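One structure below.
The values are calculated or read from the model by the stated rules, or taken from the named source; none is laboratory data. Note that the coordinates shown come from a computational prediction; the quantities given were computed from them, not determined experimentally. Cβ placement follows ideal geometry from the backbone for every residue including glycine, while neighbour counts extend to all protein chains displayed. When the accessible area is computed, the model is the full protein with side chains, heavy atoms only, and any ligands, DNA or RNA have been set aside. Shrake-Rupley method; radii C 1.70, N 1.55, O 1.52, S 1.80 Å.
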Amino acid sequence: MNSEEQAQGEKRVLRLLVEPLKRRGLTKTSTLTVAQFDEMIEGMCQKLAYMSDASLMALEEQAAANPSGKDRDRFPIANLILQWAAVIQPPDGGASPLIQAVFAHGVGQSAITEGWAPELLDHLRKNRNWPNNWTLGKIRDGADGALRRYRDLQGRLAREGELGPVDCDWWDRRNAALQRCREIGEGAAA
């Protein structure tokens with residue numbers, strides 16, 4: 001996203017998310033000063049500039065239904081709104097610093113080598129935590145079906161030279177996901 005697109009995106013976030021929430025009567029949380037609240041809004045707008053109009057309107061609806069404060073009249077904190085945004089429309093651009101660090105680490109490199117990196121990436125996008133050994137085991141176990149299908153299709157492709165349309169589509173999407181993980185691990189992803 002270039003600087004012009006970023007600026008337009010930030011204006012869209014203000015117009016479709018922040019201003020409608022304020023019109024609904026949501027105010028700054030009492031734990032923040034006005035300057036801190038403004039800074040929180042500015043940072044949130046920068047991070048959400050990638051979102052589409054429809055996703056921002058959905059996010060506004062969710063935020064309005066989940067206000068903060070004792071009287072339920074306060075603006076939700078940015079961290080909560082960012083979590084909701086990641087579910088509604090995950091950023092499709094570059095990988096976050098956490099994701100980059102995991103894929104640059106031995107954990108991510110093993111996942112790439114063993115073929116379960118797309119499942120690790122999905123987990124990281126949803127949970128935003130460094131995975132512990134138990135979590136890695138669950139992710140690996142959850143990838144078993146995809147890994148089995150990948151090996152089966154690889155064998156069929158070697159034997160028959162082609163795949164049916166459904167299998168070919170799955171194969172292409174899986175390879176694209178694996179390549180994306182490799183790029184993240186190599187630092188090629190922005």
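Counting only protein heavy atoms and a 1.4 Å probe, the stretch 97-186 has 59 square angstrom of accessible area per residue. Centre-to-centre, using Cα atoms only, the stretch 145-190 and the stretch 3-68 are separated by 38 Å. For the stretch 97-186, the carbon plus sulfur part of the accessible surface works out to 48%, probe radius 1.4 Å.
Under the combined filter of DSSP loop state and at most 15 neighbouring Cβ atoms within 10 Å, the stretch 100-190 retains these GluC sites (Glu not before Pro): Glu162. For Tyr50, the solvent-accessible surface computed with a 1.4 Å probe is close to 50 Å², ligands and nucleic acids excluded.
Determine the dipole magnitude for the stretch 3-88: charges of +1 sit on the beta-carbon of Lys and Arg, -1 on that of Asp and Glu, nothing else is charged, the reference point is the Cα centre, and the result goes in debye to the nearest 20. The partial results should precede the final answer.
Values: 11 positive and 12 negative charges, 69 e Å.
For the stretch 3-88, the charge dipole is close to 340 debye.
What Kirkwood hydrodynamic radius do you get for the chain when you take the inverse of the mean 1/r over all pairs of distinct Cα atoms, in Å? Before the final figure, lay out the partial values.
On the way: mean 1/r = 0.0526 Å⁻¹.
It is 19.0 Å.
For the stretch 72-181, the C-alpha radius of gyration sits at 1.29 times the compact-globule guess of 2.2 N^0.38 Å, with N the residue count.
For the pair Thr113 and Gln179, label points projected 7 Å from Cα toward Cβ lie 2.3 nm apart.
For the stretch 3-88, the normalised intensity computed at q = 0.11, 0.15, 0.17 Å⁻¹ comes to -0.26, -0.48, -0.62 (log10 of I(q)/I(0), Debye sum over alpha carbons, equal scatterers, no solvent). Here the simple spin-label model places points 7 Å from the Cα toward Cβ, and for Asp71 and Glu5 these points are separated by 4.3 nm.
Using a cutoff of 8 angstrom between alpha carbon atoms and counting only pairs six or more residues apart, the relative contact order for the stretch 112-179 works out to 40 percent.
Under the convention that each Lys and Arg Cβ holds +1 and each Asp and Glu Cβ holds -1, the size of the dipole of the chain around its Cα centre is about 540 debye.
Using a probe of 1.4 Å, the accessible surface attributed to Phe37 totals some 10 Å² when neighbouring protein chains are kept in position. Comparing Pro76, Ala101, Gly187 along the charge dipole axis of the chain, the residue lying farthest to the positive side is Pro76, per the Cβ-charge model.
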